[in-house]
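None of the figures in this text is laboratory data; all of them are computed from the coordinates on show. Note that the structure is a prediction, hence the values are computed from the model and not measured. For neighbour counting, all protein chains shown are included, and Cβ atoms are generated from backbone atoms with ideal geometry for every residue, glycine included.
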Amino acid sequence: MLLDDVYAEYRHTRNTELTRSEFEELMCLIPVMLVAVSDQNVDTIEMGYLTGLVHELTLEFHTAGSEEDIHRLKNLFLGELQYLLRNMRYWEDKLLGATHQLLERDEALKKRVRVRMRAVAESSAGINSYEQQKINDLLTRLQMA
């Protein structure tokens, strides 16, 4: 499924205010989220890591925005993060297809996603076998190996 189609379906399903560029940034968190949920347990440390990424993402988008705009966008991203963590089974294949499209044209972005996947796995008592397997699967599927 193409990125445009996934974005249209996601916006329709979620009735979200995410712009196309905000959605694309969110897609780059999908592999990181999948590693976090790979052992069926997103603990508080992993959730803290994901929340920190959302904060970084928010600041990237609104360096000149008002505090109100920044707060609104951060809450929007956090809401989408929570939704996706609860509904990843439905969205995983579609969102990974969209993520693959984004990554295939940007080597720096691939590197950032690889680093983040390992970092979320290491954030909570090191990388376990479920997380390592998910990282390996994602590196292959997203052609990042």
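Worth a mention:
- Answer label, with Rg/Rh (Cα atoms, Kirkwood Rh) calculated from the coordinates and candidates (1) 1.07; (2) 0.94; (3) 1.16: (2)
- Counted as membrane-span-like here are DSSP H helices of the chain whose alpha-carbon atoms extend 20 Å or more along the helix's own axis and whose Kyte-Doolittle mean is 0.0 or above; these are 44-61.
- Shape class for segment 1-65, computed from the alpha carbon gyration tensor (a ≥ b ≥ c): oblate, with a/c not under 1.5 and a/b at or below b/c.
- Paramagnetic reach from ARG141 (point 7 Å along Cα→Cβ, amide N under 20 Å) across segment 19-46: 23-43
- Two-site label geometry, GLU17 and ARG72: point separation in nm, points 7 Å out along Cα→Cβ: 0.4 nm
- Rounded to two decimals, the Cα-based Rg/Rh of segment 85-145, with Kirkwood Rh, is 0.97.
- Rounded Å value of the spacing that divides the Cα centres of segment 9-82 and segment 85-145: 15 Å
- Here the simple spin-label model places points 7 Å from the Cα toward Cβ, and for TYR90 and GLU107 these points are separated by 3.9 nm.
- Tail weight of P(r) past 16 Å, computed on alpha-carbon pairs of segment 62-115, percent: 62 percent
- Per residue, the chain reaches -25500 deg cm²/dmol at 222 nm when only DSSP H runs of four or more residues are counted, each adding -39500 (n - 2.57).
- Packing order of peptides 119-130, 29-40, highest average first: 29-40, 119-130 (average count of other Cβ atoms within 10 Å over each peptide's residues).
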